[in-house]
């Protein structure tokens, strides 16, 4: 069945390339389909730039180069140079304020701030520490451009390496658009055996028929994320690092726990979302619209850990040489949906989904008189729905999802309301309840290391979340988020062995976070501030976060050389208070809870000079300039030091044909 659907998908993708050509659709009023691919003229989330001096086609405007997200939020290409773009000039290409990077680019990130916006009702694949740069369905954008457009990203890495992201999109007409991109990285790193080598290939296509009745978006993504692992510096070498002894400023001299291991996450995905509008708007007063659609996704991924020799860091093993763990997931999902909308009742959608999953290993394990199976596989049928209505600036949204058959129970319900008080002030409130099975690697894991073998029967993790948000450029952006978590699953080292195992707490966890964002400007100077306060009520100390996380950037902006050059220069201060920072397990590629030592309370100062010349943006940054004089107590995770002082540079260059 999966192969038949895959064959139809590939034929559909080919058919898109040879179909007829028409014009772009524009969204009508506020009552569009909940799964449409029409263009939204709100352009949220992008700083507008109206300069067209480098667009060769004089009839093309920058606002015509559209970017459409998975949820159909539409922005346009932004070539401006702002401090917000400075925050996104990194390996992930997104603001990583809530993350603490490891020493080498392309390694993992320790999470400082948590959000609970994932309403998936199926378990996720394990190895979550490898997934920060793994592009999911919602990370892929689609494009509608009047002329070919290219973006080139480049940034230096750490010792014998570079990172690049090359993107190209074009249309054969106003109807058909495609894009192709590749993001690659290779970086040796400063510590022994810490090389990273990753690649993300993606291809997208968007199509509309002449009568605007049929709309389709599809993508193909192939990803390969490899990391050498060393287990961090040895406990005996931690004092050498923290002493600041000049002899150990060459980080290659610090002994690590092992130098013969690597893990890799690979995946490929085929995705198609297409719909057909059954009736056009006949009644000009009610504007009735009915459409049906389908989403098809097939993903094949695996995680593999390889090590040359057994190491006591992970305990005893079934063999002493050529150790290899490999787990795979084949996931096929198709969703059928129907959407009805008019300007009286709003937009209403109902959907039903079928999911076939096959997770596991190519062998069974028999340990301590217990047989550990090698597969979790089955079929899930689910239903869901969504609603949207706009009433004079007041938006009401709702969603729900429910698994109705299969081995995994899961459900969620979400409600959101927002009101635009003035052009500057937007207030929104959201409430969300979700119940989901733990990730697959909590439920079943096999390894050549004896300790890493289990089959568990954990309860669903339930979360209840309330979020209040005030957005205002003149006042501030303020968000209040309170979350209750029941049956939380986590990894932790067992006391008697010191080895990592999965656990589930029966105690309720309460998590509160308050975020304040405000930029203060005075002439050509500006101070951009982001501060988060967090508190957790957790009797077992299994969910740990820093109490305060802050980022403050003081910068100067101005034009030079008759406005041929726009320059921004400043300094960024990052800081979070001490807390029981999660440890990192390289075999699982997961973080685990620890309460042995607190980490944090170290400042990080970064000095930057950024410039824009036509459509090229140049970035130069001196990272962690204070590392030599504020103490060597900076860590990304226990036994994993953060980066020393380093100067890095790069650019983003846009081309319009």
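Points worth noting:
- Scanning region 62-98 for residues being within 17 Å of the chain's Cα centre (by Cα), in a loop (DSSP other than H, G, I, E, B) and closer than 26 Å to residue 533 by Cα gives a total of 10.
- Condition check for residue 146: over 29 Å from residue 232 (Cα atoms), modelled with pLDDT of 95 or more, out of contact with any strand residue (DSSP E or B) (no Cβ under 6 Å at 6 or more places or on another chain) and part of a loop (DSSP other than H, G, I, E, B): no
- Extreme residue, modelled with the lowest pLDDT, among residues of region 206-227 that are assigned to a strand (DSSP E or B) and surrounded by fewer than 22 Cβ atoms within 10 Å (Cβ to Cβ): 214
- Counting the residues of region 307-339 that are crowded, with 16+ Cβ neighbours inside 10 Å, in a strand (DSSP E or B) and within 34 Å of the chain's Cα centre (by Cα) gives 15.
Each row is one residue, and each column tells you yes or no for (1) at pLDDT 95 or above; (2) surrounded by 12 or more Cβ atoms within 10 Å (Cβ to Cβ); (3) closer than 30 Å to residue 218 by Cβ.
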site	(1), (2), (3)
248	no, yes, no
254	yes, yes, no
259	yes, yes, no
266	yes, yes, yes
269	yes, yes, yes
272	yes, yes, yes
283	no, no, no
287	no, yes, yes
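- Residue in region 515-522 that is within 17 Å of residue 438 (Cα to Cα), crowded, with 17+ Cβ neighbours inside 10 Å and under 22 Å from the mean Cα position of the chain (by Cα) present: no
Quick grid of which residues meet (1) surrounded by fewer than 20 Cβ atoms within 10 Å (Cβ to Cβ); (2) closer than 17 Å to residue 646 by Cα; (3) free of Cβ contacts under 8 Å to residues at least 60 places away in the same chain:
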| site | (1), (2), (3) |
| --- | --- |
| 73 | yes, no, yes |
| 77 | no, no, no |
| 91 | no, yes, no |
| 106 | no, yes, no |
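The values are calculated or read from the model by the stated rules, or taken from the named source; none is laboratory data. Everything quoted here is computed from the prediction, not taken from an experiment. Glycine gets a Cβ as well: all are built from the backbone with ideal geometry, and neighbour counts include every protein chain shown.
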